[in-house]
1. Scan Asp155, Asp221, Asp151, Asp170 and give me the residue that is surrounded by 21 or more Cβ atoms within 10 Å (Cβ to Cβ) and either over 19 Å from the mean Cα position of the chain (by Cα) or of a type in the set (D, E, K, R) (or both).
2. Looking at Ala135, Ala179, Ala206, which one is touching a residue at least 12 places away in the same chain (Cβ under 8 Å) and part of a helix (DSSP H, G or I)?
3. Residue by residue through the range 150-160, note down the ones that are of a type outside the set (D, E, K, R), in contact with a helix residue (DSSP H, G or I) (Cβ under 9 Å, 6 or more places away or on another chain) and not in a strand (DSSP E or B).
4. Under 7 Å between Cβ atoms, at least 6 apart or on separate chains: pull out the pairs that start in the range 151-175 with a residue that is in contact (Cβ under 8 Å) with a residue 24 or more places away in the chain and more than 14 Å from Gly122 (Cβ to Cβ) and end on any residue that is assigned to a loop (DSSP other than H, G, I, E, B) and open to solvent by 30 Å² or more (accessible area, probe 1.4 Å).
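The values are calculated or read from the model by the stated rules, or taken from the named source; none is laboratory data. Fair warning: this is a prediction, and the values are worked out from it, not measured in the lab. Reconstructed Cβ throughout: ideal geometry from the backbone, glycine too, with neighbour counts over all protein chains shown. Heads up: the accessible areas ignore ligands, DNA and RNA and are worked out on the full protein's heavy atoms, side chains in. Shrake-Rupley method; radii C 1.70, N 1.55, O 1.52, S 1.80 Å.
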Amino acid sequence: MFFLLSKLLTFLLSPLVWVFVILFLALFTKKVKRKKKILIVGIVVLYIFSNEFICNEVYRSWEYPFTRIGNGETYDYAIILGGYSGFDTEFSRVKFDEATDRFNQSYQLYQQGKVKKLFLTGGSGSVLHQDETEADKIKEFLISLKVPEQDIIMDKVSRNTHENATCTFDWLSKNDPNAKCLLITSATHMRRALGCYKKVGLNVTAYTTHRLSDPRKFDPDTLFLPSARNLTKWDIFLKEEVGIVIYKIAGYI
């Protein structure tokens with residue numbers, strides 16, 4: 001039930017959905033003055049959420065700081081939170097999305113010898129296709145890159161961050177309770193992820209990737225021109241904000 005509700009909330013939290021709702025209200029409103037006011041509200045909402053400067057300032061204040069690993073410092077596991085890839089059934093190959101930086105950075109750390117093993121978390125994020133797990137596909141992909149199978153640990157059951165933390169804790173408790181771990185996820189998602197892992201009793205070091213904020217700029221394009229890209233960034237941010245509230249209520253963080 002929690003999984004289905006989270007999917008519904010993801011849809012309802014989209015500013016673009018809000019704009020469409022406002023436009024539909026304007027379409028079916030008969031009074032001219034009211035229609036005009038509703039349209040103005042819709043334009044203002046669309047402009048605010050598509051403004052680059054506003055969106056960037058929000059992200060700059062929210063994203064978790066980047067972490068640097070010291071020279072000679074090593075970790076037993078890089079715990080890579082899922083949600084960065086899918087599978088192209090037509091061509092039978094992994095396809096990566098905009099959050100792939102968490103995978104790329106983890107693989108680079110492994111190649112550099114800064115982490116000994118890669119811990120893949122991620123079951124199926126689909127409501128209907130529960131048998132298609134992200135961890136399985138990424139494991140196959142890593143093996144194709146000549147990563148030894150014994151260096152790849154999988155959690156292919158969890159479907160959200162809370163379950164990621166619980167499944168990781170269960171495995172480590174049984175197999176490597178004193179492991180030193182990096183928690184790797186996007187800068188926007190790290191606060192919630194770190195809270196979940198600490199809640200279950202895992203002492204992990206945050207290693208953030210995929211920063212969506214940029215250095216502050218005051219050029220006219222940034223200050224005034226709308227950009228459709230920012231609507232997607234607001235989707236991600238609002239999902240995280242509400243996610244934290246819900247996780248706190250549920251006792252997950």
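1. Exactly one residue qualifies, and that residue is Asp155.
2. Ala135
3. Val157, Ser158, Asn160
4. Taking only residues 6 or more apart or on different chains, the pairs are Phe169/Val200; Phe169/Gly201.
Let's see how each residue does on (1) more than 20 Å from Lys116 (Cβ to Cβ); (2) modelled with pLDDT of 95 or more; (3) assigned to a strand (DSSP E or B):
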residue: Cys55; (1), (2), (3): yes, yes, no
residue: Val58; (1), (2), (3): yes, yes, no
residue: Gly70; (1), (2), (3): no, no, no
residue: Glu73; (1), (2), (3): no, no, no
residue: Ala78; (1), (2), (3): no, yes, yes
residue: Gly83; (1), (2), (3): yes, no, no
residue: Phe87; (1), (2), (3): yes, no, yes
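Per-residue answers, yes or no, for (1) part of a helix (DSSP H, G or I); (2) under 18 Å from Asp97 (Cβ atoms):
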position: His162; (1), (2): yes, no
position: Lys174; (1), (2): yes, no
position: Ile184; (1), (2): no, yes
position: Arg191; (1), (2): yes, no
position: Pro215; (1), (2): no, no
position: Asp235; (1), (2): yes, yes
position: Gly243; (1), (2): yes, no
